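Note sheet for the following structure.
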Amino acid sequence: MFSLDFLINALSLGSLYALIALGLVIVYGILKLVNFAYGELIMVGGYALFMLGNLPALPWLVMALIAVTIAMLTSYLTERVAFRPVREKSLTAILITSFAVSTLLQNAALLIVSSRSRAVQFPAIFSGSVRLGNVDIANRNILVIVTSTLLLIALTLLLKRTILGIALRAAADKFQMTRMLGVPANLIISVAFVISGLLAGVVSLFWIGRVGSVTPTIGLSPLLIAFVATVIGGMNSLEGAVVGGYLYGFLFSIISLILPQNLLDYREALMFSIVILILLFKPEGLIRGTYSGERVG
Amino acid sequence: MLAIENILVRYGSITALHDISIKVQTGELVALIGANGAGKTTTLTTVAGNLKPVTGDIQFENTSIASLSPEQIIRKGIAIVPEGREIFASLTVEENLKLGAYIRRDRSEFKRDLDETVTMFPILGERIHQQGGTLSGGEQQQLAVARALMSHPKLLMMDEPSLGLAPALVDQIFELIVKLHDSGMTILLVEQNVERTLDIVKRAYLLKNGRVEAEGAPEVIRKHVDIESVYLGSKVN
Ligand SMILES: Nc1ncnc2c1ncn2[C@@H]1O[C@H](COP(=O)(O)OP(=O)(O)OP(=O)(O)O)[C@@H](O)[C@H]1O
Ligand SMILES: [Mg+2]
């Protein structure tokens, strides 16, 4: 019923959305904080790639690794500098802090670079394609699928096989109890932010690889996507975020495929209608999850 | 071993503990009883570091732990079986136990402890790869105790371990407490099952409205509980 290139397209979009959503939920699980500055981590990754591109000939892969590291570091620093001091205050305080961090990072990009979009260099492999049977498959799509699959496997291993990963899952469920077993609160929260930054960094490579340039407000769309995906899949488990991301990617692809050309502009509206329907009938999302509502504090 | 000295504890503007002083000697089994809302759970969670006393002090092995975080306090040797068990529902039994041993990072020791745990609680061995949330109430209670023991505590605090269990399982839990105590474990036990508790302890504290109403041997506490029932027209439990 669906052609191969449609499936690959949808899978690639879904993979990217899954990573986006997971990066938001991993912090939400621990702090019950919807981190509005999450999109800006993607922006930071993009600008890092842009600036590194101005340096004399580093291999692209090295630049990409540095950019991802910078996103991780930024995420870690936002926690240390901004979120940690207000963590034990009200949820409102921490939410406002995340708005402030988001605005601050955007303004920093405006001041240091420019409000105008900046082109980011990508290697030729990104724009090429391979012929499979009688269809052309964009390399970029294959790269997204492979990278996100590997990343999801690595994260799963981390969360299931290492004591730190087990502690992270436990803390998302019952934070205070986890601390009473000896797991340091600060360690767990830092790890969550670093993983969130890692995901944002990897996402920035592919997101900016698709649009080709970076602007101070580039983080807004991925943030919205993360919201929608987590509403679909459920905010209360990491699996939910991943499932939500893939579902969103597929739904969006299907809508784009079946909507007549003149209605394509309405696909976001249609997407949000579906989200509202889900909220009406399954307010906790499709995957219920096990996290309690308990907050750090 | 443990000395809680005149602590006052608040939840926001609500004062839960007005003035609580409790002592537990090494090797003792001490009970904390009192009506609902008396402050038993608050006392234990304050010792565990989840709440900070506004005034007063908590000494453990002659050093103050009142300002330490929960993750530091368990490293001093105080473990808790909390009210409501607080099992990690999405983690397997083994993972729950692994976290119990978090402060002891020795793999081979963990293996040995796990074997011991399974001998002591055979049902946990059978359920070792099952998610904590799928266990029955009694099994979860055993897991909560086993998890606390994994840290090799010097002091074990238990908050209503028999709550919500079938009578046969209540017997089992009380047997377990006696067994642990006999093996040398120091235990601070919160219980609502007053009669059974006073049967197994040598010393107890009766809390009322955030204050120590009475302390001493079971007979002394029984008398107070009886007087209380006359006043309130109901049994303290
Ligand atoms: N999280 C909280 N916020 C505000 N007040 C609380 C909180 N937890 C307990 N309290 C109050 O503190 C007092 C002591 O409660 P605590 O839970 O310590 O009692 P308890 O003796 O353990 O009772 P129970 O037998 O019902 O478990 C009660 O008046 C209770 O309403
Ligand atoms: Mg209680």
* **Pairs, first open to solvent by 10 Å² or more (accessible area, probe 1.4 Å) in region B:178-193, second charged (D, E, K, R), C-beta under 8 Å, six or more apart** => B:Gln192/B:Glu160
* To do: Would you please list the contacts, defined by Cβ atoms under 6 Å and residues six or more apart or on different chains, that run from a residue in region A:1-19 that is part of a helix (DSSP H, G or I) to a residue that is open to solvent by 40 Å² or more (accessible area, probe 1.4 Å)?
  => A:Ala10/A:Phe250; A:Gly14/A:Tyr246; A:Gly14/A:Phe250; A:Ala18/A:Tyr246
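With the structure loaded, tell me whether B:Ile58 is more than 16 Å from ligand 2 (Cβ to nearest atom) and open to solvent by less than 10 Å² (accessible area, probe 1.4 Å) or whether it fails that test.
Against the criterion (more than 16 Å from ligand 2 (Cβ to nearest atom) and open to solvent by less than 10 Å² (accessible area, probe 1.4 Å)), B:Ile58 qualifies.
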* Asked: Is it the case that B:Ile73 is buried (at least 21 other Cβ atoms within 10 Å of the Cβ), away from ligand 1 (no atom under 16 Å from the Cβ), more than 19 Å from A:Ile163 (Cβ to Cβ) and within 16 Å of the chain's Cα centre (by Cα)?
  -> yes
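Every residue in region B:76-88 that is buried (at least 22 other Cβ atoms within 10 Å of the Cβ) and within 16 Å of ligand 1 (Cβ to nearest atom), please. Walk me through it before giving the result.
Going through region B:76-88, the residues buried (at least 22 other Cβ atoms within 10 Å of the Cβ) turn out to be B:78-82, B:85-88.
B:Ile80, B:Val81, B:Pro82, B:Arg85, B:Glu86 - these are the residues of region B:76-88 that are buried (at least 22 other Cβ atoms within 10 Å of the Cβ) and within 16 Å of ligand 1 (Cβ to nearest atom).
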* **All positions within region B:1-28 that are away from ligand 2 (no atom under 16 Å from the Cβ) and within 14 Å of chain A (Cβ to nearest Cβ)** => B:Gly12
* Structure fact -> Scanning region A:172-228 for residues that are closer than 19 Å to A:Ala21 by Cβ, of a type in the set (S, T, N, Q) and within 14 Å of another protein chain (Cβ to nearest Cβ) gives none
* Asked: Would it be correct to say that A:Ala154 is under 30 Å from B:Arg104 (Cβ atoms), without any contact (Cβ under 8 Å) to a residue 60 or more places away in the chain and part of a helix (DSSP H, G or I)?
  -> yes
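Check whether at least one residue in region B:162-169 is open to solvent by 30 Å² or more (accessible area, probe 1.4 Å), within 16 Å of ligand 2 (Cβ to nearest atom), touching a Gly at 6+ places or on another chain (Cβ under 7 Å) and free of Cβ contacts under 8 Å to residues at least 40 places away in the same chain, and report yes or no.
If we filter region B:162-169 for residues that are open to solvent by 30 Å² or more (accessible area, probe 1.4 Å), which is where we start, we get B:163-164, B:166-169.
Then keep just the ones that are within 16 Å of ligand 2 (Cβ to nearest atom); that gives B:163-164.
Imposing the further condition that a residue be touching a Gly at 6+ places or on another chain (Cβ under 7 Å) reduces the set to B:164.
So of that shortlist, the ones also free of Cβ contacts under 8 Å to residues at least 40 places away in the same chain come out as B:164.
So far as region B:162-169 goes, yes, one or more of its residues are open to solvent by 30 Å² or more (accessible area, probe 1.4 Å), within 16 Å of ligand 2 (Cβ to nearest atom), touching a Gly at 6+ places or on another chain (Cβ under 7 Å) and free of Cβ contacts under 8 Å to residues at least 40 places away in the same chain.
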* Asked: How many residues does region B:90-102 contain that are part of a loop (DSSP other than H, G, I, E, B) and modelled with pLDDT of 95 or more?
  -> 3
* Quickly run through region B:29-76 and pick out the residues that are within 11 Å of another protein chain (Cβ to nearest Cβ) and within 15 Å of B:Leu155 (Cβ to Cβ). => B:Leu44, B:Thr45, B:Val47, B:Ala48, B:Gly49, B:Pro70, B:Gln72, B:Ile73, B:Ile74, B:Arg75, B:Lys76
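The values are calculated or read from the model by the stated rules, or taken from the named source; none is laboratory data. Bear in mind the structure is a predicted one, so any value in this text is a computation, not a measurement. All Cβ positions, even for glycine, are placed from backbone atoms using ideal geometry, and neighbour counts span all protein chains on display. These area figures cover heavy atoms from the full protein model, side chains too; ligands, DNA and RNA do not enter into them. Shrake-Rupley method; radii C 1.70, N 1.55, O 1.52, S 1.80 Å.
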